[in-house]
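S.K.: A single structure is presented below for examination.
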Amino acid sequence: MQIPAEAIVFYALTAITVLSGLVVVTSRKLVHSAFALVFAFSGLAGYYVLLSADFLAAAQVLIYVGGILILILFAVMLTHRIESLDIRSETLQLLPAIAGCGAIVVLMLLAVYRTPWAVKEPQVLTQTAQSIGSLFMTDYLLPFEVASVHLLIALVGAVIIAGKRGGQ
Amino acid sequence: MTITLSHYLVLAAALFVIGLVGVFIRRNAITILMCIELMLNAVNLTFIAFASHMNAVDGLIFVFFVITVAAAEVAVGLAIVIALFRNRDTVNLDELNLMRW
């Protein structure tokens, strides 16, 4: 039986992404978690390519892998003595956490399989960058401006919070 | 063996729950921020899967807003973590009970 290439890529990406997600959650060393997150985000960028969202795949690599992860790595190095193990790998709340999350998984799977999704014939989106750009400048202009102001305020706030205290 | 919408939805649900478990069982502030990023990415994957399978570009727009909010959240969150570490010398959330009563 011929296995389609899309399925092979999908399952390979799934292996990478889910395994690195598990490493993020379970690793005792903070740096290992941060580097596993690199692979998880890159795997997700692969899915975006598979779903023909090319522009978003590039944005994912630039913003998440290039921006947010560097920020997280900086925070790790600024707050942790690199050689010290994460002191407590808490297992105290493990049972209630797994019970609650299991219930959420069941709910989500029920929603996925019970809902008759109005799926169309899978179509390759073409020129996503162009349509995203024109939607941003027409239908979503106000949310777009609000998002940029939000980002600016957050960045100024981050500088004030992390900087030296009160101009002393 | 074709990959359908439900494949992506189940995968996104799995990623979301992995992040959720991390938020519940870890007590390190930076690890929790990373788990929240993982959950936001799972939601992004859902948006893009629907956008692609319903041939609607609007889903991609919302992913951009999610990315914007995630970037703002991680910047402010890490700033708070660094300020806390400077003042209290720890990032363990169980020891940071300043605002609890």
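The values are calculated or read from the model by the stated rules, or taken from the named source; none is laboratory data. Being a predicted model, the structure only gives us computed values, none of them experimental. FYI the Cβ positions are ideal-geometry reconstructions off the backbone, even for glycines, and counts take in every protein chain you see. To get the accessible areas, we keep the full protein, side chains included, count just its heavy atoms, and leave off ligands, DNA and RNA. Shrake-Rupley method; radii C 1.70, N 1.55, O 1.52, S 1.80 Å.
S.K.: Could you state the angle between the C-alpha long axis of helix B:5-25 and the longest principal axis of the C-alpha atoms of chain B, as a value from 0 to 90 degrees rounded to the nearest 10?
M.R.: Here the helix axis deviates by roughly 10 degrees.
S.K.: With every protein chain kept in place and ligands, DNA and RNA left out, what is the accessible area per residue of segment A:128-168? Probe 1.4 Å, answer in Å².
M.R.: Normalised by residue count, the accessible surface of segment A:128-168 is 72 Å².
S.K.: If you don't mind, another one. Using alpha-carbon pairs under 8 Å, 6+ residues apart, how would you state the relative contact order of chain B in percent?
M.R.: Worked out over chain B, it gives 27 percent.
S.K.: Further question: Taking each pair of distinct Cα atoms in segment A:128-168 once, what is the resulting Kirkwood hydrodynamic radius in Å?
M.R.: Taking the inverse mean of 1/r over all distinct Cα pairs, segment A:128-168 comes out at 12.2 Å.
S.K.: Additional query: At a 1.4 Å probe radius, which order do A:F39, A:F136 fall into by accessible area, largest first?
M.R.: Solvent-accessible surface, decreasing: A:F39, A:F136.
S.K.: Nearest 100 Å² is fine: what is the total accessible surface buried where chains A and B meet, probe 1.4 Å?
M.R.: 7000 Å²
S.K.: Also: How do B:L40, A:L152 stack up against each other in accessible area, from largest to smallest, with a 1.4 angstrom probe?
M.R.: A:L152, B:L40
S.K.: Separation between the A:D139 and B:T4 pseudo-spin-labels, each 7 Å from Cα along Cα→Cβ, expressed in nm?
M.R.: 2.7 nm
S.K.: Working with all protein chains in place, sort A:H150, B:H53 by solvent-accessible area computed with a 1.4 Å probe, largest first.
M.R.: Ranking A:H150, B:H53 by accessible area, largest first, yields A:H150, B:H53.
S.K.: Let me ask you something else. For A:V31 and A:I70 in one chain, what is 0.36 nm times their gap in residues minus the Cα-Cα distance, to one decimal in nm?
M.R.: Extra length available between A:V31 and A:I70 comes to 12.9 nm.
S.K.: From the Cα gyration tensor of segment B:5-88, with a ≥ b ≥ c the square roots of its eigenvalues, which class applies: rounded if a/c is under 1.5, or else prolate if a/b is larger than b/c, or else oblate?
M.R.: The shape class here is oblate.
S.K.: With the cut-off at 1.5 for a/c, could you classify segment A:1-88 from its C-alpha gyration tensor as rounded, prolate or oblate?
M.R.: oblate
S.K.: Under the classification rounded if a/c is under 1.5, otherwise prolate if a/b is larger than b/c and oblate if not, where does chain A fall, given a ≥ b ≥ c as square roots of the Cα gyration tensor eigenvalues?
M.R.: Because a/c hits 1.5 or more and a/b fails to exceed b/c, chain A counts as oblate.
S.K.: Leaving out ligands and nucleic acids, and using a 1.4 Å probe, what accessible area per residue does segment B:21-99 come to in Å²?
M.R.: Counting only protein heavy atoms, the per-residue value for segment B:21-99 is 34 Å².
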